[in-house]
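Okay, so here's the structure we're looking at.
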Amino acid sequence: MESLLVINSSAAREGSVSRTLVEETVARLLEASPLAQVVRRDLGEAPIPHLSTTTLAGVRGVPATPAEKAARALSDELIAELRAADTIVIGAPMYNFGVTTGLRAWFDHVLRSGETFSYSEAGPKGLLIGKRVIVIESRGGLYSEGPAAAVDFQEPYLRHLLGFIGLTDVTFVHAEKIGFGPEARAAALSQAKVRIASLAEPLLSNAA
Ligand SMILES: Cc1cc2nc3c(=O)[nH]c(=O)nc-3n(C[C@H](O)[C@H](O)[C@H](O)COP(=O)(O)O)c2cc1C
């Protein structure tokens, strides 16, 4: 790993499960690659604006007004951060069965035809290749198994969005049942940390 992009999207700061696990992942990855460049984007702390009637053409048209040009500049900046990274860690809490609006606004700015995906007769093609993505999913309930699996609109959606721009090497780490009480929360955190360690272990072995 030479360049790491770290994206957080929880609207919570203290006690955020995804933030805790994102930091755990970053620490583990940096153990194997201490010289890697780290860029951070915090969509909960400093949300990027949602697309609006005054900015849409900046991302999905020809920017003309100052507001549209600013939206284009932000989109360019976010895409440049993605391009520069070989590894991307995303903190993705489940909000209302999907992703946070902050993360959704980020996707609205980085899915751009001709930049991160293209269309041809063969269909859409993702243009970001050769990158590894680790997504930390924190959820109040249990969705990886059981009856609520049918309403997990978060993970399939994230897998599709990332794949659409070429990010197909995606590993999901779950921290579930966060809303089931302190013991369930602690268990979810420790299970997720074991999983994160197992993801980083081969990198450490290679670095040794
Ligand atoms: C606005 C909001 C909506 C939420 N919606 C859901 C939901 O639909 N399903 C669920 O299991 N948990 C839901 N939760 C609980 C969060 O997924 C859980 O608290 C998770 O730990 C949040 O991530 P964080 O700790 O990194 O902030 C919601 C929490 C918030 C704040």
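The values are calculated or read from the model by the stated rules, or taken from the named source; none is laboratory data. These numbers come from a predicted model, not from an experiment. When we count neighbours, we look across all protein chains shown, and the Cβ atoms used for this are built from the backbone with ideal geometry, even at glycine. With ligands, DNA and RNA removed, areas are computed over all heavy atoms of the protein, side chains included. Shrake-Rupley method; radii C 1.70, N 1.55, O 1.52, S 1.80 Å.
VAL38 satisfies every condition listed in (1) open to solvent by 80 Å² or more (accessible area, probe 1.4 Å); (2) β-branched (Val, Ile, Thr); (3) in contact with a strand residue (DSSP E or B) (Cβ under 8 Å, 6 or more places away or on another chain) except (1).
Candidates PRO147, PRO202: the one that is away from the ligand (no atom under 15 Å from the Cβ) and loosely packed, with under 11 Cβ neighbours inside 10 Å is PRO202.
Against the condition within 16 Å of the ligand (Cβ to nearest atom) and open to solvent by less than 20 Å² (accessible area, probe 1.4 Å), how does VAL17 come out, does it pass? When the stated conditions are applied, VAL17 passes them. Could you please tell me which pairs satisfy a Cβ distance under 6 Å, a separation of 6+ or placement on different chains, a first residue in region 139-168 that is over 22 Å from GLN191 (Cβ atoms), and a second residue that is open to solvent by less than 30 Å² (accessible area, probe 1.4 Å) and among the polar types (S, T, N, Q)? Correct list of pairs: ILE165/THR116. Residues satisfying the criterion are present in region 71-90 (criterion: crowded, with 22+ Cβ neighbours inside 10 Å, within 16 Å of the ligand (Cβ to nearest atom), more than 15 Å from ILE48 (Cβ to Cβ) and of a type outside the set (Asp, Glu)). Could you please let me know if GLY140 is outside any helix (DSSP H, G or I) and at positive phi? In short, no.
Can you name the helices (runs of 4 or more DSSP H) wholly within region 1-113 that have at least 2 residues being more than 13 Å from the chain's Cα centre (by Cα) and either within 20 Å of LEU203 (Cβ to Cβ) or in contact (Cβ under 8 Å) with a residue 60 or more places away in the chain (or both)?
17-32
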